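Undergrad: Could you have a look at this structure, given as C-alpha cells, before my questions?
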Amino acid sequence: MRYKNLAVTAFILTLCGVFSSASARTWYVNVSGTGDAPTIQAALDSAVAGDTVLVASGTYHETIGIPASVVLKSEFGPLQTSIIGVGEPGIPQPPFAIIAHDYATLDGFTADGAYLYTVACNDRVVIRNNIITRGLEASNYNLIEHNLFFTPGLVAIGGYQVAFIRNIVFCDFNCQW
C-alpha cells in the first residue's frame, strides 16, 4: 500500500510539472495595437515568468521594462522591428530605452532613443541578435551575443562574468566592455 501511494504521488507531481511548463503563454503585439495587447509594455505588464512577448514588424515608440524571466522577441528581426525610447513630457529621451530584469531575454530588435544607454540589464539577462545604439549597461552573468553596437562611448559596464560573444562594435571614443 505504501508503494502504491508513492506511485500515485509521483504520478500527480509529474502531471503538475507537465501542466506548469505548458502554461507559458505567448503574447502577440503588432504596431496597429490589435494584437493580444495594444503596446509592447502592456503585453510585458501582463506577462509572467516563462512567457514570451512576440512583436511584429514595425517601429514602436515606447520605453519598456522586461520583467524577470520573460522573453521579448521580434518576429522578423532587427531590420524590421524597432523600439525607440520615449521620455516623459519635457524630457525628450529617457536614460534607458529598455530595462531588462533578471533572467529576461531581448532578442531581435533595433533599439534607440536613450540619452545614457539604450539597454540596461540586471543579472543573468540574454541580449541577442539586436542592433543597439548608445551602448549597453550590463550587470552580472549576462550573455550578450550576436549584436551590432553603434555607440559613442561605453558598450557594457560592470558585472562579473559577462559573456560578450560575436558582437560587432562601432564606437567613437573611450570604448570599453
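The values are calculated or read from the model by the stated rules, or taken from the named source; none is laboratory data. Computed from a predicted model, the values in this text were never measured in an experiment. Here the Cβ is made from the backbone with ideal geometry for all residues, glycine too, and neighbour counts use every protein chain on show. Only protein heavy atoms, including side chains, enter the accessible area calculation; ligands, DNA and RNA are left aside. Shrake-Rupley method; radii C 1.70, N 1.55, O 1.52, S 1.80 Å.
Undergrad: Determine, yes or no, whether PHE170 is surrounded by fewer than 17 Cβ atoms within 10 Å (Cβ to Cβ), in contact with a Ser or Thr (Cβ under 8 Å, 6 or more places away or on another chain) and not in a loop (DSSP other than H, G, I, E, B).
TA: Details: surrounded by fewer than 17 Cβ atoms within 10 Å (Cβ to Cβ): yes; in contact with a Ser or Thr (Cβ under 8 Å, 6 or more places away or on another chain): yes; not in a loop (DSSP other than H, G, I, E, B): yes.
Yes: the conditions hold for PHE170.
Undergrad: The conditions are (1) open to solvent by 50 Å² or more (accessible area, probe 1.4 Å); (2) among the small types (Gly, Ala, Ser); (3) under 14 Å from the mean Cα position of the chain (by Cα), and GLY90 fails exactly one of them. Which is it?
TA: Of everything listed in (1) open to solvent by 50 Å² or more (accessible area, probe 1.4 Å); (2) among the small types (Gly, Ala, Ser); (3) under 14 Å from the mean Cα position of the chain (by Cα), GLY90 misses just condition (3).
Undergrad: Another one. Would you tally the residues in the stretch 56-94 being touching a strand residue (DSSP E or B) at 6+ places or on another chain (Cβ under 8 Å), of a type outside the set (D, E, K, R) and either assigned to a loop (DSSP other than H, G, I, E, B) or touching a residue at least 60 places away in the same chain (Cβ under 8 Å) (or both)? Walk me through it before giving the result.
TA: Restricting attention to the stretch 56-94, the residues satisfying the condition of being touching a strand residue (DSSP E or B) at 6+ places or on another chain (Cβ under 8 Å) are 56-66, 70-75, 78-86.
From the residues that got through so far, the ones that are of a type outside the set (D, E, K, R) too are 56-61, 63-66, 70-72, 74, 78-86.
Applying the additional criterion that residues be either assigned to a loop (DSSP other than H, G, I, E, B) or touching a residue at least 60 places away in the same chain (Cβ under 8 Å) (or both) yields 56-57, 63, 70, 78-80, 85-86.
Residues meeting the conditions: 9.
Undergrad: Please specify each residue of the stretch 125-138 satisfying the condition of being crowded, with 18+ Cβ neighbours inside 10 Å, under 14 Å from the mean Cα position of the chain (by Cα) and assigned to a loop (DSSP other than H, G, I, E, B).
TA: VAL125, ASN130, ALA138
Undergrad: For ALA49, work out the one condition from (1) touching a strand residue (DSSP E or B) at 6+ places or on another chain (Cβ under 8 Å); (2) exposed (fewer than 14 other Cβ atoms within 10 Å of the Cβ) it doesn't fulfil.
TA: It is condition (1) that ALA49 fails.
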